[in-house]
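Undergrad: Provided herewith is a single structure, encoded as structure tokens, for subsequent inquiry.
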Amino acid sequence: MSATPQSPNSSPAPSDRSASKTGTTLHLPIRGMHCASCVGRVQDGLNALPGVEAQVNLATESAAVRYDPARSGQDDIIGAVRKLGYEVPVATISFPIQGMHCASCVAKVEQGLTRRPGVVEASVNIATNEARVRYIPGLVERDDLVAAVESAGNYTVPKVDGDEETEDVLEKARREEVSAMKRRLIVGAVFTSVVAADMFGRLFFGVSPLDGSLRPWLLLLFTLPVFIYSGRPFHAGLWASLKNRSADMNTLVSLGASTAFFYSLAVTIAPKALGHPGASAHYTYDSAAMIITLILVGRYLEARAKSQAGSAIQALMSRRSRKAMAYRDGEWVEVDAKRLLVGDRVRLRPGETVAADGTVRSGESSVDESMLTGESLPVAKRAGDEVTAGTVNGGGALEYEATRVGADTTLAGIIRIVRDAQAQKAPIQRYVDKIASVFVPIVITIAVAAFAGWALWGPEPRLTTALTVATAVLIIACPCALGLATPTALMVGTGRGAQMGVLLKGGESLERAKHLDTIVFDKTGTLTRGEPTVTDVIGAGDANDDELLADAAALETASEHPLGAAIVRAAKEQKLTLADATDVSTSPGRGLRGSVNGRTVLAGNREYMDEQSFDVSGWTAKADALADEGKTAIYLADETAVRGVIAVADVPKEDAKQVVARLHEAGLRVAMLTGDHEKTARAIARQLGIDEVMAQVMPGDKAARVKQLQDEGRTVAMVGDGINDTPALAQADLGIALGSGTDAAMETADITLVGERLAPVADALNLSKRTLATIRQNLFWAFAYNTVGIPLAAGGFYALTGHPLPPAFAAGAMAASSVCVVGNSLRLRRAKLD
């Protein structure tokens, strides 16, 4: 029986069917179909799209879709399936690319990838030399994507061997590219120095070491290695561009250098034919050689700077432990850290790096967690504490049980977030990409127009002058600086954040951070420690505070109430000796009674004391004062009277007040969102200097309160850590999650803070603004450079000096512009955010 019944409405309109027969066929996997009704729904939904004809098969869980790309695209088809409630599986792959140098390269590679059937989205990052592709498995595979990249131009994709990871391949590819560039640069510099000596000798001293009848042939001899060997990547890029009917920076450089070289070659071979007999001949070998060498200098410095820009993620990668000492089959053996399993017992010796996230089972030591949290002080670890992969053990020995291994560790997650952020494009980059896609053709048009104008109306020698001007226009244009402006700043900014425990998730969050005017904090676990803590022990008369706390803790050992647990924890921290409590009876939500060392002891709230007929009137003022400070009073009594009060509260984190002050300095209004009673919430707000309190808010209503602020015209950031904060984080213009919170909160947030400290909240907002400011500076200078440079090369320099701009000077200026953009981005590495 066929699994693809035809619905009466499944056939497309005649015009659609006719259009689709000349279109493209897409075999689309679909998940979630369970019956013929599902098939009919999907088929009808697809056939409703313009230019689409689909046949859906339940047995293969797929659809054969023939479509007209001019009327409906792959995104439309996939979107239609998802709107119907079914899923098209999409995978993501990242791989390095060698040979990209400008924004035009990025556009060419992205276009080559997105034209492949099955590719949903392609994003190429010039700063990291990496492509990230979302694709439909089965329709396209890695080899197809590699072929698409290599057919787009003179680009290559390094092979991945065995267990190599993307970051390792990227780093290896960068080293190989820089090494090859260095060799070409050395050859270019050696031979160009001779050609340049001839140019500067004749220009400044009227004499050259190459003077004589053999001069043009010697210039040719010294220029050839530069043109052929050092300039090979540019010429290969030009040839690839011609085959693909596109253009990039290599096109401009190769055209400029080739124009200068072949003109000089023609003059050398037949000077009279070109009207340059004997000593009056004009040679531009110096331009050809210096263009290539100077641009190689710029690219080499740019590659070195880009490597520094990516040093943060390289540092994170270097933190990974390669080996671990695990307990296997009754003995301790050294294993590859990648082969650790959840539940493995791992021994950590002094000075070693933690290989997996885990829980300490035995031993005591201090661990350096600065690479995760930015906190310089080591953290003490003992049984029950958590350790994190990538942190470094101090002087003690520990044994821990692995709870997260391999790609599931916190360190792997941080690397993944940073890489994802660096692969994304800021919204402003989309405008740059549009400009870059037409930039090179426009420059070539300007160069041709300049050549024609100077050849027709310029001074003698017209042909030489026209060629010099056209070459300078081709060379001085710089899509490189435009292409590097955004991704280098984003790469350095996200890397700097990772070093401080601030994980920025992409360019969009940076732009939203700039417009914030209100920041809302969840209280419990975010502004406060998230667990009750004993703050005061107040005894009657000469009562001993330690004895009061020890009696209360002995009694509360039998309780599971959080406040009781706080009292027990406080007594243990003070190393008090706890007696065994007997005959314990409880009144749920009120208090409990029992015998400690043969004495009757009661602990509870005011209602419990009233119920047990104790007079608490002498303690009312103190209890009220504690309540005004957001603390809960627990009365302690013996058989006859109240002996004292123990205050318990969820206290603010140590840096909370300082962070609120920093946010006020930044011009932000600070609000607190909590389910606590109004009185308790306002007590915390007074301590911290918070402007606005939203108390007694149910977990499900948090997002609505954030939206209420937005409806008032505010741009809101939400800071939270719990799973009940997730809707509010999603609703806010900018969501910030503490890394000590839940995975759901961190997944939803735009910015994740590693650890429990609040200081990175202010750091994150400051870093976001600094990074965005750097992007804008880079784009301004890149546009300003081209706005001034191209007219200057086309004729402005001649108007100012009476000479056309030397192409070698144009090459130096072009190289310098890219290096300056990367250098400006690198300043973020040293940015002070306090």
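The values are calculated or read from the model by the stated rules, or taken from the named source; none is laboratory data. If you're wondering where the values come from, they're calculated on a predicted model, not measured in any experiment. Don't worry about glycine lacking a Cβ; one is built from the backbone with ideal geometry, like all the others, and counts go over all protein chains shown. The protein model used for the area step is the full one, side chains on, heavy atoms only, and it has no ligands, DNA or RNA in it. Shrake-Rupley method; radii C 1.70, N 1.55, O 1.52, S 1.80 Å.
Undergrad: Residues that are among the β-branched types (Val, Ile, Thr) and either open to solvent by less than 70 Å² (accessible area, probe 1.4 Å) or in contact with a strand residue (DSSP E or B) (Cβ under 7 Å, 6 or more places away or on another chain) (or both), at least 1 per element: which helices (runs of 4 or more DSSP H) completely within the stretch 499-581 meet that?
TA: Filter on the stretch 499-581 gives 562-573.
Undergrad: Looking at Ser193, Ser213, which one is within 46 Å of the chain's Cα centre (by Cα), among the hydroxyl-bearing types (Ser, Thr, Tyr) and open to solvent by 40 Å² or more (accessible area, probe 1.4 Å)?
TA: Ser193
Undergrad: Pairs under 7 Å by beta carbon, first residue over 21 Å from Cys480 (Cβ atoms) in the stretch 775-804, partner surrounded by 16 or more Cβ atoms within 10 Å (Cβ to Cβ) and aromatic (Phe, Trp, Tyr), six or more apart or different chains?
TA: What qualifies is Pro804/Phe797; Pro804/Tyr798.
Undergrad: Could you grab me the full set of residues in the stretch 24-49 that are open to solvent by 50 Å² or more (accessible area, probe 1.4 Å) and either touching a Phe, Trp or Tyr at 6+ places or on another chain (Cβ under 9 Å) or closer than 13 Å to Arg82 by Cβ (or both)?
TA: If the condition is that a residue be open to solvent by 50 Å² or more (accessible area, probe 1.4 Å) and either touching a Phe, Trp or Tyr at 6+ places or on another chain (Cβ under 9 Å) or closer than 13 Å to Arg82 by Cβ (or both), then Thr25, Arg31, Arg41 are the ones that fit.
Undergrad: Using the structure shown, decide if Arg328 is at pLDDT below 80, on the phi < 0 side of the Ramachandran plot and open to solvent by 50 Å² or more (accessible area, probe 1.4 Å).
TA: Against the criterion (at pLDDT below 80, on the phi < 0 side of the Ramachandran plot and open to solvent by 50 Å² or more (accessible area, probe 1.4 Å)), Arg328 does not qualify.
Undergrad: Mind listing whichever residues of the stretch 686-723 are closer than 21 Å to Arg529 by Cβ, outside any strand (DSSP E or B) and within 29 Å of the chain's Cα centre (by Cα)?
TA: Of everything in the stretch 686-723, those that are closer than 21 Å to Arg529 by Cβ, outside any strand (DSSP E or B) and within 29 Å of the chain's Cα centre (by Cα) turn out to be Lys702, Asp721, Gly722, Ile723.
Undergrad: For the subset of the stretch 811-826 comprising residues that are open to solvent by less than 10 Å² (accessible area, probe 1.4 Å) and among the polar types (S, T, N, Q), which member is modelled with the lowest pLDDT?
TA: Selected residue: Ser818.
Undergrad: Has the stretch 246-264 got any residue that is at pLDDT below 85, on the phi < 0 side of the Ramachandran plot and open to solvent by 70 Å² or more (accessible area, probe 1.4 Å)?
TA: no
Undergrad: Let me spell it out: the conditions are (1) modelled with pLDDT of 80 or more; (2) open to solvent by less than 20 Å² (accessible area, probe 1.4 Å); (3) farther than 23 Å from Glu756 by Cα, and Thr494 meets all of them except one. Which number is the exception?
TA: (3)
Undergrad: State all residues of the stretch 678-730 that are farther than 21 Å from Gly755 by Cα, aliphatic (A, V, I, L, M), surrounded by 14 or more Cβ atoms within 10 Å (Cβ to Cβ) and in contact with a Gly (Cβ under 7 Å, 6 or more places away or on another chain); if no residue qualifies, say none.
TA: If the condition is that a residue be farther than 21 Å from Gly755 by Cα, aliphatic (A, V, I, L, M), surrounded by 14 or more Cβ atoms within 10 Å (Cβ to Cβ) and in contact with a Gly (Cβ under 7 Å, 6 or more places away or on another chain), then Ala683, Ile684, Val697 are the ones that fit.
Undergrad: Please verify whether the stretch 609-629 includes one or more residues that are under 44 Å from the mean Cα position of the chain (by Cα) and at pLDDT below 90.
TA: Yes - at least one qualifying residue is present in the stretch 609-629.
Undergrad: If you don't mind, there's one more thing I want to ask. Answer with yes or no whether Lys323 is modelled with pLDDT under 90, over 28 Å from Ala759 (Cα atoms), of a type outside the set (Phe, Trp, Tyr) and surrounded by fewer than 16 Cβ atoms within 10 Å (Cβ to Cβ).
TA: Here the answer is yes, as Lys323 does meet what is asked.
Undergrad: Working only within the stretch 775-805, note down all residues that are surrounded by fewer than 22 Cβ atoms within 10 Å (Cβ to Cβ), assigned to a loop (DSSP other than H, G, I, E, B) and at negative phi.
TA: Residue satisfying the conditions is His803 alone.
Undergrad: Now a separate question. Could you list, in sequence order, all residues of the stretch 587-597 that are open to solvent by 30 Å² or more (accessible area, probe 1.4 Å) and modelled with pLDDT of 85 or more?
TA: Correct list: Arg593, Asn597.
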